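K.L.:
I am attaching a structure below and will ask some questions about it afterwards.
Nothing in this text is a laboratory measurement; each read-out follows from the coordinates by a stated rule. What you see is a predicted model; the values in this text were computed from it and never measured. FYI the Cβ positions are ideal-geometry reconstructions off the backbone, even for glycines, and counts take in every protein chain you see.
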Amino acid sequence: DLEEAIKIARAIPEGVSAYKLVEDRIERWQTIWSKAEKLYSQAEYQLRQSNWNQAFREAVALTYVENKYWSSFKYDQLSDNIQIAQKESEKLDKAFNLSRSGSLENLLAAIAQAEQIPPKSYAYKEARDLIAKCGDKLIKIASQRLEERNGAGVLEIANKLPASLNRPQMRQDLMDLGLALSASESGTVWDLEEAIASVQKLDPNRPLYKSGQKLIDRWQREIQDIATLERARAFANTGLTTDLRTAIAEARQVPRNNPRYQEARTEIERWTYQVQTIEDKPYLERAIQLASYGGAPYLREAVREASRVGQGRALYQDAQSRIGQWNQNIQRIEDQPYLERANQLARSGSIPALQAAVQEASRIAPGRLLYQEAQARIKQWVNSIQRTEDQPYLNQARTLAYRGDLATAISTAARISSGRVLYPEAQRNIKIWQTELEGKRILQEAYRVSSAGTPEALKQAILVARQVPTSAQARSEVVTMVNRWSNQILAMAQDRSSFDLASAIAIAKMVPSGTRSYQQAQGQIQAWQDILKPPPVILEPQPRKNDQLLEVEL
């Protein structure tokens, strides 16, 4: 106790020898004490800022104070406070993290966590601020549930609202409004009036007074809507058209923003359906009766009668479905004779008869019920006509090709134009004959080239002949001639070998691979090349020195 120490020191009499040291000693104590208090205060400030390291540095500085009270007792006290503050900060951090999600459960858990911070804690104010913010979020959730008219949800928050928020009036208001909302959910006039009476007890200075007034206004409008709908239903119960129209007019008095507006719209739609059914059912029943007679005139009359049911009316889809069916029946009745006459005409199979059948079936217009069937028959008959007309050309072309007149065969088959039934077959034959012509032309060119009789000419003739398509009939002749010409080249090489092996080798190399003479030519070339090689030089062995000495001794 500094003050007590100073008081005792100043009680020393002036005559005592130690008196002169009193003021110096007091000044020194005050300086030490002031420095220590400053360090302690700075440490506490750092604790409030959650700067643990800096707070600990300030605490360590106390140990250097030349006063046991500060360097020991107050240092230990400050160290304990730092540890406690760190633990409390961890709790507060957890509470902050929980509060960020915004869910009811996490907000309540955040408040419970923050409530663990004691009043003496450096984090107490921060904890109270967090509790207040969480409370605001809870009230916001409750207000949202009030807007949604979720009575059970409002009561849940009211029952769970922590006492630490210190909002007893808010809690009571939530309880009252939640109970009133729950009571109003039945939708009866009695329960709505009970809910109104309950909420009217809220004083204007209550926290949720305005919310209560909004609910009262809604319930009062709902009571009015119920009365309006009850009157409308009373009219509609007779089932008469005039009363149903009156019921519709009555229900339309419910404004769009009123609670029972959607219910009113549902009833209006139901009664409108009844009115339209009563009004249009006679048209549909008469149409069905007319259609039952079966003839085209009756069916047309049935279509006209059913068409009186307007678009968007209750029976419109039913009427349109029947109209579609009757129109199909009318089309079948009208068009079936055309198809039957066309089938009858086509039976003879002659071109004039088939053409007449096509003309008759073409009277069935696109979009009609039998149109697809008629078109299938027309295609069949047109194909028969074209086959009858074009088959002679194809037969004649094949005969000409058999006789070897391929050019005339091609021009004859080409008379079958594109789009005709035999056109693909004619084109396949033309392609075959063109291949044969090309093969013959190439083979004739090979014969012309070979006529020179030289090895070079025969080699070129083989190369030309090999261009004949493999599918051409001339291909077999090509194989024969290629082998013959390659034999001739080899024979020329053999003749030349008697006086000029180098030239013989050059000629033999002209025999193409893949011919019958190729392997023989390669063997001959190897033999001739061996002959042309110079003989190897044979060196006589020199006698060794030891052998020479032996000869001398002998």
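K.L.:
Report Rg(Cα)/(2.2 N^0.38 Å) for the range 96-212, keeping two decimals.
P.N.:
1.20
K.L.:
Take R347, R484 and order them by how many other Cβ atoms sit within 10 Å, fewest up front.
P.N.:
R347, R484
K.L.:
Taking the Cα atoms of the chain alone, what are Rg (to one decimal) and Dmax (as a whole number) in Å?
P.N.:
59.4, 165
K.L.:
Over 28 Å between Cα atoms: which of K125/K210; K133/K214; K125/K214 fall into that group?
P.N.:
Details: K125/K210 32 Å; K133/K214 26 Å; K125/K214 37 Å.
Violating the 28 Å Cα-Cα cut-off are K125/K210; K125/K214.
K.L.:
For a quick check: sort R265, R403 by the number of other beta carbons within 10 angstrom, fewest at the front.
P.N.:
R403, R265
K.L.:
List the pair-distance distribution P(r) of the range 437-532, using every Cα-Cα distance, as the percent of pairs falling in each 10 Å bin from 0 up to the bin containing the longest distance, rounded to whole percents.
P.N.:
18, 45, 25, 10, 1
K.L.:
I would also like to ask the following. Among the listed pairs K87/K140; K137/K201; K120/K140; K87/K160; K91/K160, which have their C-alpha atoms separated by more than 29 angstrom in this model?
P.N.:
Values: K87/K140 31 Å; K137/K201 26 Å; K120/K140 31 Å; K87/K160 27 Å; K91/K160 21 Å.
Going by Cα-Cα distance, K87/K140; K120/K140 fall outside the 29 Å limit.
K.L.:
Provide the net charge surrounding I462, with neighbours chosen by a C-beta distance below 15 Å and charges set as Lys +1, Arg +1, Asp -1, Glu -1.
P.N.:
Overall, the nearby charge balance is +4.
K.L.:
Another one. Count neighbours as other Cβ atoms within 10 Å of each site's Cβ, and list the chymotrypsin sites (Phe, Trp or Tyr not before Pro) in the range 433-536 that are DSSP loop with at most 12 such neighbours.
P.N.:
Passing sites in the range 433-536 are F499.
K.L.:
Could you rank the peptides 417-428, 315-326 by their average count of other C-beta atoms within 10 Å per residue, with the highest value first?
P.N.:
Final packing ranking: 315-326, 417-428.
K.L.:
Which log10 I(q)/I(0) values, to two decimals, does the range 263-337 give at q = 0.11 Å⁻¹ under the Debye formula with one point per Cα?
P.N.:
-0.33
K.L.:
Using a cut-off of 11 Å between beta-carbons, work out the net charge of the residues near D176 (Lys and Arg +1, Asp and Glu -1, D176 not included).
P.N.:
The answer is +2.
K.L.:
Next up: When only DSSP loop residues count, what GluC sites (Glu not before Pro) in the range 150-216 have their Cβ near at most 10 other Cβ atoms within 10 Å?
P.N.:
Answer in residue order: no site qualifies.
K.L.:
Can you check what the net charge comes to around L161, using other residues whose Cβ is under 14 Å from the Cβ of L161 (Lys, Arg +1; Asp, Glu -1)?
P.N.:
Taking every Cβ under 14 Å from that of L161, the sum is 0.
K.L.:
The range 215-240 to the range 271-334: how many Å between their Cα centroids?
P.N.:
37 Å
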